[in-house]
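Below is one structure, written out as structure tokens, with a few remarks after it.
The values are calculated or read from the model by the stated rules, or taken from the named source; none is laboratory data. Everything numeric in this text was worked out from a predicted model, so none of it was measured. Here the Cβ positions follow ideal geometry from the backbone for every residue, glycine too, while neighbour counts run over all protein chains shown.
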Amino acid sequence: MYGIIAFFRRNYFAVLFVALEFFSLYFVFRDNYYHQAGFFNSANSVAGSVYKTYSGITGYFNLKSENERLSEENTRLQNALSALPDTSKHVKVPKTNPYGDQYNFISAEIIDNSTNMISNYITLNVGKREGITEGMGIVSSAGVAGIVLSVSDHYSVAMSMLHKNFQLSAMLKKGGAFGTVVWKGEDYRYAWLMQIPMSEKVTPGDTIITSGYSTIFPKAITIGVVEEVTPLPTEYFYKIKMRLTTNFKKLRFVYVISDLTKKEKTDLEEATYKANNEGK
């Protein structure tokens with residue numbers, strides 16, 4: 001008891017100040033609704049900031065599942081577009097989807113990827129159970145990524161576009177001249193477009209797309225943009241350096257493309273070649 005009395009004697013002015021402050025605030029807020037509203041608004045602002053920070057933290061840890069959901073949704077929309085009927089016979093407007101119902105898109109996540117070797121590969125988390133087969137093309141949201149080489153029940157391994165043996169039929173979007181895209185094992189950001197004749201007009205900034213001359217990729221998928229154009233007078237062709245639109249360092253979610261008419265096309269071609277080469 002003596003200690004309590006001694007405390008108040010030593011801190012008389014501080015205790016009196018706190019008591020007076022308390023009573024002052026009480027009388028201010030008791031009948032003044034304006035001050036009450038200001039107090040509660042300030043409290044709500046602080047609470048809102050706390051919840052916003054918490055939401056940002058939890059949202060960061062949910063990015064993986066959200067990306068997977070968006071990838072699946074994009075695949076569903078791609079396939080839905082592919083199934084739309086061709087209305088061009090009735091209305092003179094462009095078709096909604098240039099691929100028609102010929103192609104099916106399967107979403108996949110990359111679980112292994114290399115960019116620093118001469119022969120680079122990509123491993124996907126989809127396989128036979130999802131309908132993946134050898135020879136299917138792989139594209140990102142930005143452009144071409146690779147071609148499936150081998151498949152197991154749950155996984156598949158693809159030849160990355162960054163591979164010494166990768167070749168792709170491509171063409172200039174402006175003008176339509178076609179050639180072959182190759183990668184020379186140098187910078188992961190660049191590849192080369194070969195066999196474009198010097199009679200064509202090519203300038204930096206021109207877009208390079210798939211030609212559609214295969215059963216792997218549909219026509220008009222972006223591959224890259226012309227960076228440098230070097231004439232080779234003795235060969236009558238250009239040497240064209242292109243910047244790839246797919247960023248292989250950040251590649252994560254892709255689509256595997258299935259050509260639903262591939263067998264029909266290859267069977268017809270093989271039969272035709274065989275019939276016209278018999279006896280020669």
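Quick grid of which residues meet (1) assigned to a strand (DSSP E or B); (2) at pLDDT below 95; (3) among the aromatic types (F, W, Y); (4) farther than 20 Å from I223 by Cα:
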| residue | (1), (2), (3), (4) |
| --- | --- |
| T115 | no, no, no, no |
| G146 | yes, no, no, no |
| M161 | yes, no, no, no |
| T180 | yes, no, no, no |
| E186 | no, yes, no, no |
| L193 | yes, no, no, no |
| S199 | no, yes, no, yes |
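Among the residues of the range 124-137, those identified as under 23 Å from T210 (Cα atoms) and not in a loop (DSSP other than H, G, I, E, B) are L124, G137. All of S152, S140, S156 fail the test of being in contact with a strand residue (DSSP E or B) (Cβ under 6 Å, 6 or more places away or on another chain), over 20 Å from G212 (Cα atoms) and not hydrophobic (A, V, I, L, M, F, W, C), apart from S156.
The residue list D259, D206 contains one member that is acidic (D, E), buried (at least 17 other Cβ atoms within 10 Å of the Cβ) and over 30 Å from N125 (Cβ atoms), which is D206. For the range 233-270, the set of residues classified as free of Cβ contacts under 8 Å to residues at least 60 places away in the same chain and among the aromatic types (F, W, Y) consists of Y236, F237, Y238, listed by residue number.
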